[in-house]
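Below you'll find the structure, written out as structure tokens, and then a few comments.
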Amino acid sequence: MIENSVQPESESIVFHPLPKNKRFRDLTGFVSSELTVIGYNGHTDHGYYKIHYWLCKCSCGKVVSVAGSNLNANRCRSCGCKKSEYIGDGHRTHGRSRTSEHGTWCAIKQRCGNPNAGCYPRYGGRGIKVCERWLESFDNFFEDMGPRPSRYHSIDRINNDGNYEPGNCRWATQIVQSHNSTASTNLTLNGETKCIAEWAAQAGIGVKSMYTRLANGWSLEKAVTTPILKRNRDYKTSPCRPKKPSV
């Protein structure tokens, strides 16, 4: 924690005499990373204890006043000029922690490796795994898969019984994934086999409408060839509710 920052030649630099206490430790000459203690800068009282401050010269030339406790604990290593470097060295990895690609990478590890995850029985529970290359780092995953094409795309396994690995994964839309799902129902008409979603798209109706037609006993041919009836109602001439007679 840096309490004050001043230029080296500023007149505000004031050296205070050291306290006359045998137990007081003189930190003059102490070096903490980029800081070198050049003198005592006084203290402040906080009830039963005091905080002692020291003037420190940074390698960049600035002079700062730093609490002695921060120097001893190595919590202050520069005047602030090296802060971004220290943060980057200690914490920065790939810089994509909040992206959708990173969220996908975390999700596939959970569904395949965490028995407490709700979707684990459909993935890790039936033997689906994540390849060692992708488990090693997110960078490897992003290098193989690339950026997500759009918000409508998600990761899809080409072989639904295969593992999460470069040769078996792609970015695909929900419609494409539904065709590749284990729950997808394939129906054949005139020698042509398609899933229900594809038949619905060919008929120009919604998937729910197609399921409803088939559930009501319609044949596939009738469900595909029957158009949806459009009802045009003129509410001015045919109101839904008759008007009350005027009194």
With a 1.4 Å probe and all protein chains in place, put 63, 31, 176 in order of accessible area, largest first. 31, 176, 63
69, 137, reordered so the largest accessible area comes first (probe 1.4 Å): 69, 137
To the nearest 10 square angstrom, how much accessible area does residue 53 have with a 1.4 angstrom probe? 30 Å²
So what does residue 196 come to for accessible area, using a 1.4 Å probe and Å² rounded to 10? 10 Å²
Taking the range 98-143, which trypsin sites (Lys or Arg not before Pro) meet the DSSP loop condition and have no more than 12 other C-beta atoms within 10 Å? 98
Roughly how many Å² of residue 188 are accessible to a 1.4 Å probe, to the nearest 10? 90 Å²
Using the Karplus curve 6.51 cos²θ - 1.76 cosθ + 1.60 with θ = phi - 60°, what ³J(HN,Hα) values do you get for each residue of the range 65-82, in whole Hz, with x for Gly and Pro? 9, 10, 5, x, 5, 5, 5, 5, 8, 6, 7, 10, 10, 7, 6, x, 5, 9
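The values are calculated or read from the model by the stated rules, or taken from the named source; none is laboratory data. Computed from a predicted model, the values in this text were never measured in an experiment. Methodologically, a virtual Cβ is constructed for each residue, glycine included, from the backbone with ideal geometry; neighbour enumeration extends over all protein chains shown. Quick note on the areas: whole protein, heavy atoms, side chains included, nothing else; ligands and nucleic acids left out. Shrake-Rupley method; radii C 1.70, N 1.55, O 1.52, S 1.80 Å.
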